[in-house]
Amino acid sequence: MGTAVWVLGGCVLPQDEYYLDGLPFPRNDPPRIVENLVQPPYRILRGFGSVPLCALEFSIIVEDPNVGDTLTAYWYVDYDPNQPRGADREVTLLPKGNDPRREERPTIKPIFNSAEFSRLNTPGDHVVEVVVSDRALQGRVPQADIVQLPNGETLTNPGYATSYVWFVRTEQGNCP
């Protein structure tokens, strides 16, 4: 009886004998911004231009499962898609080690009444945005890589971008 259970308890379905010719080409994965670690932690900031908000610091932490990718953070202040322009600042994040989380924090530090990021000096509502991409951008769209596979075929490996936005209200205040 025990022999019958042992013999009949196994898998009796026929198995295919298909083998991989090689490892599949690794596909690109999107980077991500760690939202609970962004600075400032609030998306809506009021009172820029008034003491104590005469200066701001915006920074992010980025992760990418493709640890060998070079990432770029593109900072924009009041970007208008109807009048496209380049980034106000670009920060390159080079790969380092095998940790998906990058050590460097891409940062901008606008100061009220300074020439840098001067769009924020005008009273009213503004948008500060960071776009992180693992490929070159054309406009604000990441470009794909065309990869030649060993069997002669080509593969389109997409590029990815992610963004984070803060809304800033500038007021006519008493900053020096």
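Quick note: the coordinates plus some simple rules give every number you see, no bench work behind them. Quick caveat, the model's predicted, so the values are computed rather than measured. As a convention, Cβ positions derive from the backbone with ideal geometry for all residues, glycine included, and neighbour counts pool all protein chains shown.
Between the amide H of ASN66 and those of ASP29, distances stay under 5 Å, these residues lying 5 or more places away or on another chain, with hydrogens modeled in the peptide plane. Remark on ASP145: its backbone amide H falls under 5 Å from those of ASN157, GLY159, a criterion applied only to residues 5 or more positions apart or on other chains, H modelled at 1.01 Å from N. Computed about the Cα centre, the dipole magnitude for the chain is approximately 660 debye when only Lys and Arg (+1) and Asp and Glu (-1) carry charge, each at its Cβ.
Extent along the principal axes, Cα only, for the chain: 91, 46, 32 Å, with the longest axis given first. Entry note, the chain: the mean residue ellipticity at 222 nm calculated from DSSP H runs of n ≥ 4, each adding -39500 (n - 2.57), is -1000 deg cm²/dmol after division by the residues and rounding to the nearest 500. Among the chymotrypsin sites (Phe, Trp or Tyr not before Pro) in the range 41-71, those placed in a DSSP loop whose Cβ has at most 15 other Cβ atoms within 10 Å are TYR42.
Here's the picture: charge each Lys and Arg Cβ at +1 and each Asp and Glu Cβ at -1 in the chain, and of THR154, TYR42, PRO84 the one pushed furthest to the positive end of that dipole is TYR42. For the range 25-63, applying the loop criterion from DSSP together with a ceiling of 13 other beta carbons within 10 Å to the GluC sites (Glu not before Pro) yields GLU57.
May I ask for the distance between the Cα centers of the range 78-100 and the range 116-166, given as a whole number of Å? First find each Cα centre; the distance between them is then 7 Å. Evaluating 6.51 cos²θ - 1.76 cosθ + 1.60 at θ = phi - 60° for every residue in the range 119-126, the Karplus couplings come out as 4, 6, 6, 6, x, x, 8, 9 Hz, glycine and proline recorded as x. For the range 43-119, the set of trypsin sites (Lys or Arg not before Pro) satisfying both a DSSP loop assignment and a count of at most 14 other C-beta atoms within 10 Å is given as ARG43, ARG85, LYS96. Between THR156 and THR70, the FRET efficiency estimated from the beta carbon spacing at R0 = 22 angstrom works out to 0.65.
Here the extension length gained between GLU104 and TYR42 equals 20.2 nm, from 0.36 nm per residue of separation less the Cα-Cα distance. Residue farthest toward the positive end of the dipole of the chain, with Cβ of Lys/Arg at +1 and Asp/Glu at -1: which of PRO31, THR122, VAL67? The residue sitting most towards the positive pole is THR122. For ALA144 and ASP78, a Förster radius of 35 Å and the Cβ-Cβ distance give a FRET efficiency of 0.75, rounded to the nearest 0.05.
Remark on CYS175: its backbone amide H falls under 5 Å from those of VAL51, a criterion applied only to residues 5 or more positions apart or on other chains, H modelled at 1.01 Å from N.
The label-point distance for ARG119 and PHE167, in a model that sets each label 7 Å from Cα toward Cβ, rounds to 1.7 nm.
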